[in-house]
Amino acid sequence: MSAMFKHLRGDLFGGITAGIVALPLALAFGVSSGLGPSAGLYGAIFISFFAALFGGTSTQISGPTAPMTAVSMVVIASILAVHDGDVNKALPIILGVFLLSGILQIGLGLIGLGKYIKYIPYPVVSGFMTAIGVIILVTQILPAVGYYPKEDEAYVAEFKAAAEEEILENILKEEAGEGILVLEDFEETIKRAEQITEADMLKEAKTLAANKASGVLGTFRVLGRALQHINWLELALALATIFIIYGFKRITTAIPSTLVSLIVVSGIAYGFDLPYRPIEKIPEGLPLPQLGIFTEFKLSELTPFIFTALTLSLLGAIDSLLTSVVADNMTQTKHKPNKELVGQGIGNSIAAIFGGIPGAGATIRTVVNINSGGKTRLSGMIAGILLLVILLALGPVASQIPAAVLAGILVTVGIGVMDYKGLKAIPHLPKDIKIGPLKLSSEVIIMLVVMVLSSIWNLVYAVGIGLVIASLMFMKKIGDLTAIRSDVKPLKEEAWEDEKEFPKILKEEVFIKHIKGPLFFGSTNEFLQLAEQIPDTASHVVIRLDRMQYMDQSGLYAMEDVLQDLKKKDINVMFVGILEQPKYMMERIDIIPDLIPWESIFEDFDDCLDWIKDNVEDTD
């Protein structure tokens with residue numbers, strides 16, 4: 001326990017700064033999800049505190065994130081559609097799905113799946129992250145211009161006939177469920193139909209209109225109407241928010257620009273009594289458990305969403321563990337992946353019980369925490385406590401924030417979350433597939449398929465399809481290579497024949513690493529451990545690539561990471577026997593010649609050995 005408080009000052013600064021950065025994002029993600037700003041804030045409070053307390057990454061700050069919110073948005077919209085758009089009716093089942101995803105996440109950690117999550121191919125992750133950016137960016141266009149489909153009377157009127165059909169269908173379903181023979185006894189049906197008021201019809205029509213205008217495709221459906229009904233004040237507030245977020249970063253990064261924009265634009269709008277649209281009211285007082293999850297629990301209502309809950313838990317796991325790797329690189333520590341999953345699962349489960357949206361490890365907030373001095377799990381717990389204090393002290397003030405300001409914040413989140421590294425690599429990736437006269441890159445196909453399907457169809461299925469395509473293409477490539485090099489036998493990690501003459505006195509100065517097969521998304525983890533295997537005495541590393549026939553994009557970036565690590569330690573790296581495809585890949589992103597100059601690349605080990613004998617001295 002004393003170790004936890006040893007770095008109290010740093011943890012205090014880190015936690016407070018991360019909590020301040022988290023505040024506007026928590027409110028924005030809550031609004032974006034469809035459950036309101038308080039759900040985002042509750043999620044940030046409980047996930048940040050409990051994921052830090054029980055997790056396996058000491059500096060991780062957790063809370064609602066862009067990918068988790070994008071999937072939650074889809075879950076919430078689909079459950080609301082079944083419950084006539086009534087949040088109160090739908091809330092127990094929505095939170096039930098979130099609670100189940102938290103429990104499944106704990107299960108993933110307990111059965112030890114944490115270490116396997118990182119094997120998801122890079123193009124799938126890249127396509128998914130870019131799609132998340134597109135979804136958040138596009139879905140914020142309507143609130144940024146102040147257009148709300150439910151409030152456009154002419155648009156809602158288009159759904160009146162469909163609303164009548166929907167209401168009648170619901171009556172017939174209810175009667176069938178109650179065992180009333182519908183065809184024999186239409187009197188009961190007519191009696192119930194007569195009780196339907198104009199207000200009921202309007203409410204149903206508004207629900208249908210909102211559903212039709214939701215998501216990326218829904219936004220494009222009503223974009224024409226939205227541009228005809230722009231609320232110029234709302235648009236000005238959103239644009240001012242975006243301008244300050246990007247502009248203030250140029251002045252200083254010491255104060256989070258998101259928070260500055262939130263305070264400045266909200267202050268101006270409120271101070272000048274402008275007729276803006278505020279966010280939903282944030283409830284005052286402590287968050288209360290939503291016991292409806294348990295008292296109104298119906299397995300039949302939860303069953304259709306079991307797969308969705310599993311997806312949320314897997315996505316949260318990937319999101320968190322990617323952030324854990326970033327934290328490891330910054331702090332030179334090693335996270336415990338399975339413990340981290342258990343911690344995230346506990347955080348998400350408790351957040352769901354209190355009405356919060358699910359979340360994961362958040363990269364930007366974690367980086368801010370580390371840079372501000374956060375060293376232990378106490379920093380994440382302090383961030384959660386700070387948000388709770390803000391909720392209790394400033395809840396009524398936060399309820400005055402303009403909705404357009406949060407839309408502006410989310411636009412910048414959408415732009416920031418896209419994977420530009422992956423997008424920039426598209427023109428340079430090898431075209432390894434022929435479809436008729438066209439030559440295409442398999443990695444680009446996977447990335448674009450995942451990106452497009454995630455944006456316009458279904459995030460969950462898109463990732464599944466991406467994984468299947470990646471696996472099939474990988475199996476084909478490895479099959480082809482195995483056929484060509486079928487004489488290659490499994491090799492033990494020992495000196496190869498041509499290394500027997502290596503001078504014994506230089507064995508401490510020169511470390512030789514063999515790569516004995518393709519470097520792809522399934523083998524990057526072992527390769528990333530290379531830097532840790534190198535003895536402290538080594539000043540030179542020889543990487544034998546004679547038997548690395550193939551390298552995919554995940555392998556390419558793993559190689560780049562290792563070489564950058566070695567460069568930081570002033571270790572000279574030499575390549576021996578690099579083959580055509582890996583060489584082409586490394587030239588595309590300038591590993592060759594920026595990290596490995598041409599003079600450090602040798603065709604065979606004998607040439608390399610001559611260079612070593614001439615240039616490396618025994619330092620003992």
Using +1 on the beta carbon of Lys and Arg, -1 on that of Asp and Glu, and nothing else charged, what's the dipole of the stretch 418-484 about the Cα centre, debye to 20?
160 debye
Given axes a ≥ b ≥ c from the Cα gyration tensor, I'd like to know whether the stretch 93-136 is rounded (a/c under 1.5), prolate (a/b larger than b/c) or oblate.
oblate
Would you mind ranking Leu227, Leu609, Leu239, Leu406 so that the residue whose beta carbon has the fewest other beta carbons within 10 Å leads the list?
Leu227, Leu239, Leu609, Leu406
Calculate the FRET efficiency for Asp610 and Leu528 from the Cβ-Cβ distance with a Förster distance of 30 Å, rounded to the nearest 0.05.
0.45
Toy charge model, Lys and Arg Cβ at +1, Asp and Glu Cβ at -1: the chain dipole around Cα centroid in debye, rounded to 20, equals 1000 debye
For the chain, what are the DSSP H helices with axial Cα length of 18 Å or more and mean Kyte-Doolittle hydropathy of at least 1.6?
37-54, 66-82, 87-110, 122-139, 257-271, 378-398, 403-417, 442-456, 459-484
With a point put 7 Å past each Cα toward its Cβ, work out how far Glu617 is from Thr252 in nm, to one decimal.
5.0 nm
Which one, Ala351, Tyr122, Gly224, is farthest towards the positive end of the dipole of the chain when Lys and Arg carry +1 and Asp and Glu -1 on their Cβ?
Ala351
Past the 29 Å Cα-Cα mark, which pairs from Lys424/Lys568; Lys249/Lys431; Lys513/Lys613; Lys206/Lys298?
Lys249/Lys431
Set Lys and Arg Cβ to +1 and Asp and Glu Cβ to -1, take the dipole of the stretch 497-615 about its Cα centre, and tell me which of Val562, Thr524, Ile612 lies farthest positive.
Thr524
For Tyr147, Tyr420, order by how many other beta-carbon atoms lie within 10 Å, fewest first:
Tyr420, Tyr147
Filter the trypsin sites (Lys or Arg not before Pro) in the stretch 239-329 to those in DSSP coil with at most 11 other Cβ atoms within 10 Å of their Cβ, and list the result.
Lys298
Out of Pro503, Pro396, Leu99, whose Cα points farthest toward the positive end of the dipole of the chain (charges: +1 Lys, Arg; -1 Asp, Glu; placed on Cβ)?
Pro396
Going by C-beta contacts inside 10 Å, put Glu234, Glu560 in order with the fewest on the left.
Glu560, Glu234
Using the alpha-carbon centroid of each, what span in Å lies between the stretch 365-435 and the stretch 266-320?
17 Å
What is the Cα convex hull volume of the stretch 334-431 when expressed per residue in Å³?
191 Å³
Within 10 Å of each candidate Cβ there may be at most 11 other Cβ atoms; applying that plus a DSSP loop requirement, which trypsin sites (Lys or Arg not before Pro) in the stretch 506-568 survive?
none
Kindly state, to the nearest 0.05, the FRET efficiency for Ile505 paired with Lys115, given R0 = 45 Å and r defined as their beta-carbon distance.
0.70
Distance (nanometres) between label positions extended 7 Å along Cα→Cβ at His428 and Ile230
3.8 nm
Roughly speaking, what is the stretch gain from Asp273 to Ser471, that is 0.36 nm per residue apart minus the C-alpha to C-alpha distance, in nm to one decimal?
65.5 nm
How big is the antiparallel share of DSSP beta bridges in the chain, given as a percent to the nearest 5?
30 percent
Extent along principal axes [Cα atoms of the stretch 76-157; Å; largest to smallest]:
54, 32, 16
Based only on Cα atoms, what Rg/Rh ratio does the stretch 193-261 have, Rh being taken as Kirkwood's radius?
1.26
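Readers should treat all values here as calculations from the given coordinates under stated rules, not as data from a laboratory. Predicted, not measured: the structure shown is a model, and the values here were computed from it. All Cβ positions, glycine included, derive from the backbone under ideal geometry; neighbour counts span all protein chains shown.
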